[in-house]
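Data first, discussion second: the structure below is written as structure tokens.
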Amino acid sequence: MPLMPSAGLHARVALDKHDFRTSHALGQNFLLDDALLSHLLDLADVSAQDNVLEIGPGAGVMTALLAGRAQRVLAVEVDERLRPVLESVLAPHENASVLYADFLKCDAGTLVDGAFGGAPYRVVANLPYYITADILLRLTTCARRPERIDIMVQREAAERILSNPGCKQWCALAAIVRHYGAARVLEDVPAAAFDPPPHVESCFLEIARYAEPPVRPADEAAFLRTIHAAFAMRRKTLANNLKSAFGLSAQQAADVLDRAGIDGRVRGEALSLEELARVSDALQELEH
Ligand code: SAM
């Protein structure tokens, strides 16, 4: 029986053959070790019913291992130079396909509906760190949200995502992720595990979508706008942020906060999700 080379070895050979040089600007820190990746996919509990969206497959080792476990894998890669490498590494996996595009320019809902026919899906990825926040904001607010997100992120980003109201790190991203699901660190991953090693620490993060969101604002789009407004200028009070974001007079901003039962002198970062929802609902009442 012919020996199947590991996906990592296959990728290293293909990267060498095509004389591939990683791009720092595209956040290319690859994971090429089958054993480590298999362990991460065990932690992520990837199984045969799963439809998986991967953002940034790189040389495709995680993609190949995902394809070996899941039903279907759609990977979105911006760097066309990786095409010959990915074609070679993924050749044995008919259930994996790669779309060469900038994920931030794609409509995530259309993408996953096309790939998975409207079935539920999850995200597993070693993300390009320079756009972690943008990717997460899209995934957690798009019309077709994943059931679960398992991603490699910079340790600092994980700390922000896991922060609580009133903390220095509590931010729009943390509030929006908390509205979507429960986050926890599954594993710290040393820089030496990556090729090339990044200059930052990394961890593998799970965000499991809530069956029922923790708060139910009257209008979710307005709620998301309110969150962005509350954190827009961190040195301004909430009342001033609301004034500039929604063009309110001082009196209108005061009325909104009064209706929401919130002291206008507080800063956005002190507000809980529940309080942000009350502000959003009070703003809606003002408009109607
Ligand atoms: N998953 C691979 C691995 O673990 O070895 C690669 C991970 S590497 C940290 C991030 C990948 O995301 C790179 O392949 C990079 O080219 C890709 N990438 C960067 N920006 C992207 C974007 N806007 N859309 C899609 N992929 C992107």
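The values are calculated or read from the model by the stated rules, or taken from the named source; none is laboratory data. This one's a predicted model, so the numbers in the text were calculated from it and none came from an experiment. With ideal geometry, Cβ positions are generated from the backbone for all residues, glycine too; neighbour counts draw on all protein chains shown. Protein only, heavy atoms only, side chains kept; ligands, DNA and RNA dropped before computing areas. Shrake-Rupley method; radii C 1.70, N 1.55, O 1.52, S 1.80 Å.
Below, the figures for the structure above:
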{"quantity": "Computed [θ] at 222 nm, deg cm²/dmol, the chain (DSSP H ≥ 4; -39,500 (n - 2.57); rounded to nearest 500)", "calculated": "-12000 deg cm²/dmol"}
{"quantity": "Within segment 139-288: Cβ-based charge dipole about Cα centre, in debye rounded to nearest 20 (Lys, Arg +1; Asp, Glu -1)", "calculated": "380"}
{"quantity": "Pairwise centroid distance, computed over Cα atoms, of segment 86-125 with segment 1-74, Å", "calculated": "14"}
{"quantity": "Radius 10 Å from Cβ of SER23, net charge of other residues (Lys, Arg +1; Asp, Glu -1)", "calculated": "+1"}
{"quantity": "Normalised per residue, the volume of the convex hull around the Cα set of segment 99-215 (Å³)", "calculated": "115"}
{"quantity": "Charge context of ILE161, other residues only, Cβ under 12 angstrom, K/R +1, D/E -1", "calculated": "+1"}
{"quantity": "Cβ-Cβ FRET estimate between HIS24 and MET233, R0 fixed at 41 Å, reported to 0.05", "calculated": "0.85"}
{"quantity": "Expected-Rg normalisation [2.2 N^0.38 Å, Cα atoms] applied to segment 147-288", "calculated": "1.20"}
{"quantity": "Highest-fluctuation residue, THR110, THR63, THR226 considered, GNM on the chain with Cα pairs under 10 Å", "calculated": "THR110"}
{"quantity": "List MET233, MET62, ordered by accessible area with a 1.4 Å probe, largest first", "calculated": "MET233, MET62"}
{"quantity": "Computed lengthening from ASP188 to CYS142, 0.36 nm per intervening residue step minus Cα-Cα distance", "calculated": "13.7 nm"}
{"quantity": "Summed side-chain charge close to TYR129 - residues other than TYR129 whose Cβ falls under 13 Å, Lys, Arg +1, Asp, Glu -1", "calculated": "-1"}
{"quantity": "Cα-based convex hull, segment 1-75, per residue volume (Å³, whole number)", "calculated": "105"}
{"quantity": "Cα-Cα P(r), the chain, percent of pairs per 5 Å interval", "calculated": "1, 5, 12, 15, 16, 14, 11, 9, 7, 5, 3, 2, 1, 0, 0, 0"}
{"quantity": "Of VAL89, VAL215, VAL177, the one that fluctuates the most in a GNM where the chain has Cα springs shorter than 10 Å", "calculated": "VAL215"}
{"quantity": "Candidates HIS24, HIS93, HIS199, ranked by Gaussian network fluctuation over the chain, Cα under 10 Å, top entry", "calculated": "HIS199"}
{"quantity": "Dipole magnitude (debye, nearest 20) for the chain, charges at Cβ of Lys, Arg, Asp, Glu", "calculated": "660"}
{"quantity": "Which of ALA218, SER249, LEU276, positive extreme of dipole for segment 185-288 (C-beta unit charges)", "calculated": "SER249"}
{"quantity": "Charged-residue dipole, Cβ positions (Lys, Arg, Asp, Glu), segment 244-286 about Cα centre, Debye nearest 20", "calculated": "120"}
{"quantity": "Within the chain, percent of DSSP bridges classed antiparallel, to nearest 5", "calculated": "50"}
{"quantity": "Heavy-atom accessible area ranking, 1.4 Å probe, most first, across ASP150, ASP263, ASP188", "calculated": "ASP188, ASP263, ASP150"}
{"quantity": "Selected from HIS18, PRO190, SER47, residue furthest toward positive end of dipole (the chain; charges at beta carbon)", "calculated": "PRO190"}
{"quantity": "Unit charges at the beta carbon, dipole of the chain: most positive-side option, ALA232, TYR130, PHE30", "calculated": "ALA232"}
